[in-house]
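Chemist: Okay, handing you the structure first.
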Amino acid sequence: MNKIDLEIGQTILLELEDECLLGKVSHVASDQSFIRLSDVRDTSTKKNYGVQTYYNSEIRNIQVASTDSRTTLQSSSPSDSGVVKSKQLTLDNLNSTLEQINNYVFIHQTDAKYHDTIRFLKKQHHFGIAMECIEHGRHSKSSSLLTIATLDSIYIFDIKWMNITNELRELLVSDRYRRVLYNGRLIGDTLRHKFGVPLGKCFDVMVAHIAISKNAGRVVDDTVSLQQCVQSYLNLPDKFFNTTIDFNVRPLNDAAKRESGKNAVFLLPLQDLFIHEIMLEPFYKSCISYTQSLSNNPDFINSLADLRNKGPEAIEAIQPSKLGIDVELINVTECEQSIE
């Protein structure tokens, strides 16, 4: 058990050898040899186990689920594969994400469910995209699933059976949509050469991770996966993902469908973290400084007098903003070397 001060009533994520559980602390042994949890449920299957006791020897990791609705950023340790900052998912956000994963919509043919889904997605402008069984791009034996995640829904298309339709093609190509993905080179290569679909403009989480890490002077892990990024940046346990799933098996079981949903559901939260809480953090600080520069002055009349009498000197007191990322770090050569 990792060293962490647990309190009665806390909701925790408990990582065991083969599963990841969510539960509320009801008792902690005085010597920390075991803990007892109530309302225990599996984060993958959503199965409820009620009250359970877990001993130190079987616990791999414990994380306290934050109940604060505010975002808390933390500095990462040097061993975190170049990750600069991370945030603890709030309990509400975690529960919402688990609900989203378990309420996926699976589509394997162009029926009424398919057309309802397309109508909904065409009204969206921002979604995450993930594909399964594309590890070798155009040379992959068989692409399996295309998963699209919005802010509150997950749609899984079985492209092994139904291919990519004209409506899906528009979602993947048109510039009216803002797409987020991970390792877009493989997705783009697969779509272009196996389906004849030229992928449109996207935000690539892996490119953002590489740029942020290099800008912070960290050594970039060339082999970091989406699952590792999610675990590191959003503080989720290692066992949250099941990397042994075979997405080529048909019929697909529920575990495989949920796993494909996990590979898409965190793309939008990661983009939000990267852009608004890492890349633009210095810019937002400058904006806050500027918006408070007048209100923090105890005498508004004096502020006007300063502007009138000091002129440019008063204006120059507002410090210019600097973005926290050097865009020159993101060049084609570096990105290719980092993901080969």
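Chemist: With Cβ to Cβ distances under 11 Å as the rule, what net charge do the other residues near Tyr114 carry (K, R +1; D, E -1)?
Modeler: With Lys, Arg at +1 and Asp, Glu at -1, the neighbours total -2.
Chemist: Check Gln10: other-chain or 5+ apart residues with amide H under 5 Å from its amide H, H built from backbone geometry?
Modeler: Distant-sequence amide H within range of Gln10: Val25.
Chemist: Hey, another quick one. I'd like to check one number: the per residue accessible area of the stretch 175-296, probe 1.4 Å, reported in Å² as a whole number.
Modeler: 45
Chemist: Also, I was wondering about something else. Modelled label-to-label distance, Asn163 and His125, 7 Å Cα→beta-carbon offset: nm?
Modeler: About 3.3 nm separates the two model spin labels.
Chemist: Follow-up question, since we're still on this one. State, to one decimal in nm, how far the label point of Thr223 lies from the label point of Gln292, with both points 7 Å from Cα in the Cβ direction.
Modeler: My value for the distance between the label points is 4.5 nm.
Chemist: Which order do you get for Cys133, Cys287 if you rank them by accessible area with a 1.4 Å probe, largest at the top? Before the final figure, lay out each step's value.
Modeler: On the way: Cys133 20, Cys287 50 Å².
Greatest to least solvent exposure: Cys287, Cys133.
Chemist: While we're on this one: Which order do peptides 274-281, 155-162, 177-184 fall in by mean Cβ count within 10 Å, highest first? Don't skip to the answer; put the middle values down first.
Modeler: Working: 274-281: 17.1, 155-162: 20.0, 177-184: 22.4.
Highest to lowest by the protection proxy: 177-184, 155-162, 274-281.
Chemist: With every protein chain present, what accessible area does Asp152 have (1.4 Å probe, heavy atoms only), rounded to the nearest 10 Å²?
Modeler: Around 110 Å² of this residue is reachable by solvent.
Chemist: If the chain between Gln52 and Asp254 were fully stretched, how many nm would it gain, using 0.36 nm times the residue separation less the Cα-Cα distance? Don't skip to the answer; put the middle values down first.
Modeler: Working: separation 202, 0.36 × 202 = 72.72 nm, distance 2.50 nm.
Taking 0.36 nm per residue and subtracting the Cα distance, the gain is 70.2 nm.
The values are calculated or read from the model by the stated rules, or taken from the named source; none is laboratory data. Being a predicted model, the structure only gives us computed values, none of them experimental. Every residue, glycine among them, receives a Cβ derived from its backbone with ideal geometry; neighbour counts consider all protein chains shown. Calculation scope for accessible area: heavy atoms of the full protein, side chains included, ligands and nucleic acids excluded. Shrake-Rupley method; radii C 1.70, N 1.55, O 1.52, S 1.80 Å.
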